[in-house]
1. Could you pull out every residue, at least 5 positions away or on a different chain, whose amide H is within less than 5 Å of the one on residue 118? Hs are placed 1.01 Å off N in the peptide plane, and Pro or chain starts have none.
2. Does the range 35-118 come out rounded, prolate or oblate, given a ≥ b ≥ c as the square roots of the eigenvalues of its C-alpha gyration tensor, rounded meaning a/c under 1.5 and, failing that, prolate meaning a/b above b/c?
3. Could you give each residue of the range 337-346 its phi-based ³J(HN,Hα) in whole Hz, using Karplus coefficients 6.51, -1.76, 1.60 with θ = phi - 60°, and x for Gly or Pro?
4. Accessible area, 1.4 Å probe, largest first: how do 353, 65, 152 sort?
5. Determine the alpha carbon to alpha carbon distance for each of 463/690; 190/552; 50/257 and list only those over 31 Å.
6. 5 Å is the cut-off here: which amide hydrogens, built 1.01 Å from N in the peptide plane, fall below it relative to residue 83, excluding neighbours closer than 5 in sequence?
7. Under the rule of at least 5 residues apart or a separate chain, name every residue whose amide H is placed under 5 Å from the amide H of residue 330.
8. Taking the Cα atoms of the range 508-547 alone, what are Rg (to one decimal) and Dmax (as a whole number) in Å?
Amino acid sequence: MATLLNLSDSDSSVRNDQSLSNRTINRSLRVAEKERKKNEAEDPFVVALKYFSEVEVGTPVIGNDELEKNLVQVEKVALNRGLSPEALSVMLEFAMSLRMGSSPCARVLKCLLPASVVPQEAVVRAVVWLSVGKIPISTQVLFIKWVLTVFDMIDAKDRLRAIYGFIFSFVTDENLCPFICHLLYLLTRKESVRVFRVRKLLELQSKLGRQPYLLHLLSLYKVFCPELVTLSIPSRMRSGFKNHISPWKSALMGVQKRNNLQVPSSISTAFAAKDKSTSRKRKLNHLELPAMSAVTNKEPQMEQTSRRKLVPLVQIQSFSQLLENMHRIELPSQMGSLLGSSLALQYLDCVQDESALLRLNFWLGYALHEEFLFCSDGGANQNAGEALQFLNRLLCAQHFLQEGFPSSDAFLYKFLNVWDGSLLCPQILNLLSNIPVIPSSQIKTLLFEPLMQLFFTSSLFFKCGLIECLNHMLLKWLTWHSVYALEDDLDISLNSHTSINITLSGFKDSVMDLVHFVGRLASVGLQLEGCHSLLLNFILDFYETVCDTFLKFGLPLMVMPPPGVFCTAFFATDPVSVDRLAYIMHRYKVNLTSAKSQEKVTKQAFHINRQTFRDFNHYLVFMVNGLWNSNMCYTETNLQLSEELLEKSGVPQYSTRFDLIHHPAFMSYAVDFHQKCWPGREDMDLNSIKQSKPWSWYLEYLFTQGFDGLKDFIQNNIGRLA
């Protein structure tokens with residue numbers, strides 16, 4: 001019993017101690033809360049916010065010193081550290097409700113600089129105030145500009161999209177229309193596209209003309225519902241939504257930096273593009289890739305229409321997370337940021353979201369055309385590092401997706417006409433190699449004419465780079481053919497998102513034009529550069545692709561190299577070039593033989609031009625007679641050289657000086673073989689190698705030196721090896 005009493009006393013003591021401790025903590029909290037309220041009561045900014053939230057309707061403005069004092073206090077805080085979401089709500093409600101008339105509205109709107117995020121509820125309430133009809137049109141325009149400026153900082157968009165129809169009603173106002181269209185473009189989802197809205201936009205277009213902002217909104221509608229928009233949208237439009245000068249951009253950038261927050265890309269790039277106070281020349285600052293930021297800055301939001309939780313792409317950290325949320329992804333507010341994220345590119349490649357690609361191409365087209373193309377004469381040199389980084393990032397994205405972007409293709413077609421061939425040469429050539437198939441009717445104007453001028457006026461290294469670029473372009477065209485070719489027709493998708501049908505004959509015409517164009521460049525380029533071996537090496541790379549078009553890529557097209565390329569390679573002084581020519585001729589024969597046999601078996605309308613067979617036979621006879629028969633000037637070929645020219649060379653018995661023994665490319669091997677075969681001879685007679693057994697040994701000796709192309713050519717085109 002005594003023990004129970006002791007335990008009871010102990011428990012009572014513990015409860016008393018806990019109660020005392022709780023009372024102490026509660027007292028401390030009350031003291032802290034009282035102190036905080038006291039400080040807030042003394043804070044002039046809190047006093048100012050209280051004034052604007054409680055001010056009565058009809059309070060006079062003129063001579064109101066209290067209004068001026070409180071407004072100055074709010075402006076001071078806004079410019080220094082920005083306004084909190086609560087403060088933004090208070091000030092936006094005060095301005096749009098016109099409690100003190102319209103005179104202080106513009107001043108209040110100009111000081112609405114968010115410190116972190118903008119509450120969606122406040123924006124929705126302010127939009128609703130537009131319908132009152134008392135707000136001056138200039139103030140309405142200023143408000144919409146503010147919404148566009150801080151759009152990336154609004155914490156959610158679901159309720160804004162819920163009043164899409166209400167916002168759309170303002171497109172009929174000519175003053176608001178450009179800005180409302182821009183806002184609608186940012187808010188549009190597939191469910192937003194309706195027949196009556198398309199009709200209204202078409203009516204406005206008939207009234208106002210083909211305004212870019214109307215066309216861009218219609219183009220987005222057409223992506224979502226092509227059956228509703230029958231209007232033909234131009235493939236190349238200038239920027240539809242102007243980057244209007246905003247009174248918030250410079251101040252907002254300063255606020256964000258002072259708060260150690262990331263400046264929203266739409267603000268930083270737009271401000272940089274408009275900062276022309278020191279120079280009238282365009283700057284390249286817009287070429288910076290924007291950082292990826294979520295449209296919503298809170299937890300995943302519930303989409304009101306589909307009742308799905310949207311997951312911002314910026315929150316996806318791994319490929320497995322991407323797969324789990326593939327159909328619930330919310331794209332970032334700045335589509336340019338997709339180029340800097342491999343996960344974002346994987347999403348684009350898997351889902352192929354037309355609206356996302358349209359937005360990305362719009363952004364990319366503006367960046368390239370407005371901030372690069374028109375400043376290539378000076379601006380790009382001043383910002384070469386930034387332009388280099390931007391183009392490298394664009395190339396990485398294209399290589400990842402294995403295709404180019406339509407906006408970069410359109411940029412290149414214009415840029416080639418003003419390019420000097422040296423500015424960012426590797427990057428421009430790499431972009432050029434990603435250009436999709438161009439119809440034969442346009443390829444000369446868009447590609448051949450500017451490239452021909454550059455080729456003939458540039459250095460040897462540029463010529464080599466251009467030939468390599470065109471080789472990669474041909475490889476990609478042929479690869480697209482082998483992947484997308486159908487049995488009855490050819491449906492080549494110039495990229496996986498913009499399908500353009502082209503017939504097999506049309507595709508063959510484009511490929512043939514490209515091969516003939518490179519043949520002309522190669523023939524003249526070798527003459528200009530003195531048959532330089534480096535240039536010849538790149539040209540032979542190209543024809544190694546051409547000679548296998550049938551077997552490797554299934555394209556029934558064979559184009560032989562021009563005589564200027566063939567003869568230069570045959571008479572080259574380095575054995576590598578002759579060996580590669582032999583390999584190319586061997587592959588031509590294999591492809592032509594296979595094409596001929598397939599034509600007989602399938603009995604299809606599948607014909608290789610007879611002139612191709614004639615040219616091949618002439619080249620083959622010329623090579624066999626020169627390398628094997630020691631009779632270079634065989635009368636049945638079309639490659640006879642001028643007798644006068646050969647006599648002027650001073651070479652005795654010139655017709656026999658290009659066989660495998662006396663050819664300048666192989667003479668050193670013949671001398672080395674002679675010394676090894678007859679080490680005791682003092683006099684050297686290379687003709688002794690032509691004897692039966694030494695000749696077979698010599699051929700084996702050449703084959704062991706790595707001349708596999710020569711080996712294949714001899715074994716497949718010459719009946720005897722002894």
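1. Amide H to amide H, under 5 Å and 5 or more residues apart or across chains, residue 118 pairs with 154, 155.
2. Oblate.
3. 5, 4, 5, x, 10, 5, 5, 5, 5, 5
4. Values: 353 40, 65 120, 152 15 Å².
Descending order: 65, 353, 152.
5. Pairs exceeding the cut-off: 463/690; 190/552.
6. Residues meeting the criterion, in which the H sits 1.01 Å from N, are 113, 115.
7. The answer is 311, 313.
8. 10.6, 33
The values are calculated or read from the model by the stated rules, or taken from the named source; none is laboratory data. Since the structure is predicted, the reported quantities are computational estimates derived from the model, not experimental observations. Glycine gets a Cβ as well: all are built from the backbone with ideal geometry, and neighbour counts include every protein chain shown. Just the protein is used for accessible areas: all its heavy atoms, side chains included, with ligands, DNA and RNA removed. Shrake-Rupley method; radii C 1.70, N 1.55, O 1.52, S 1.80 Å.
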